[in-house]
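Just so it is clear, none of the values below were taken in a lab; they were calculated from the coordinates. Quick caveat, the model's predicted, so the values are computed rather than measured. As a convention, Cβ positions derive from the backbone with ideal geometry for all residues, glycine included, and neighbour counts pool all protein chains shown.
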């Protein structure tokens, strides 16, 4: 089977499930990352070993498994990051959040904290762009932290990682003061699980995605309370948010006395980001 034939065969298998656009994107990732092939029209043949691997990858893709988990890598803000089912796959909306932080914060030494870091995509990207910043990150998952540490090493940056449950206020004393805090916390109510795409619902970590129906904004309230105590005066708090209740996040900011509150739309026109500033006095 030639490379051209194999590529089109993969597309044909994926299109009914993913649609033509996403199928092409997935096929590109498979051939580039799994086989190091960038020209999909080549007439030379795949080796028997490559054909066997391609069949195994195709089978997993047809079971809705995300290609990033199959390959074990994901792209984020120009970086290559390792991913596995212990962490969320980094998404373009989070890249937009990183960009918003870089546009907002001054080019000077700052101390920045990411809460619920997962793969470490946010602090690794920030540290890569602003080497003068001191980057910290916390997560409740030991497995996620191990992967995040590896991603920091792979990308040649220093990030301080700490295992911590941000909902346990007795643990807050383990953290110092910061000039900026960011979080992409769990924000999908359990009742909405059925509308989440199957490849996300079945494979990505539930603890990083879903929050109880009784209090879907619990992480926003607790992190904002934490920020009110641990941000330096004039420091910034950033969130990725659920488009359906992002406005409620501004009320949480207001209740804790923050100022300069703002929602920001993502490239799809959905309100997916929020920021606010701790009062200077």
Order 92-99, 254-261 from most to least packed using the mean count of other Cβ atoms within 10 Å. 92-99, 254-261
Give me P(r) over the chain, computed from all C-alpha to C-alpha distances, binned every 10 Å, as integer percentages. 6, 27, 32, 20, 10, 4, 0
Computed over the chain: longest principal axis from alpha-carbon atoms vs helix 48-62 long axis, angle to nearest 10 degrees, is 50
Run the numbers for residue 174 and residue 5: contour at 0.36 nm per residue of separation, minus the present Cα-Cα distance, in nm. 55.2 nm
Can you tell me the orientation of helix 92-104 relative to the chain, as the angle in degrees between its alpha-carbon axis and the longest Cα principal axis, to the nearest 10? 40
Report the calculated FRET efficiency for residue 254 and residue 99 (r = Cβ-Cβ distance, R0 = 35 Å), to the nearest 0.05. 0.90
Once both labels are modelled 7 Å past Cα along the beta-carbon direction, what's the residue 75-residue 32 spacing in nm? 0.4
For segment 45-77 and segment 112-137, what is the separation of their Cα centres, given in Å? 29
Label model pair residue 207, residue 55: point-to-point distance (7 angstrom along the Cα→beta-carbon line) in nm is 3.8
To test your reading of the geometry: what angle, between 0 and 90 degrees and rounded to tens, separates the Cα axis of helix 3-18 from the longest principal axis of the chain? 50
What whole-number distance in Å separates the alpha-carbon centres of segment 220-268 and segment 141-175? 22
Would you calculate the separation in nanometres between label points at residue 165 and residue 191, each defined as 7 Å from the Cα along the Cα-to-beta-carbon direction? 2.6
Projected onto their principal axes, the Cα atoms of segment 1-80 stretch, largest extent first, over whole-Å spans of 33, 28, 21
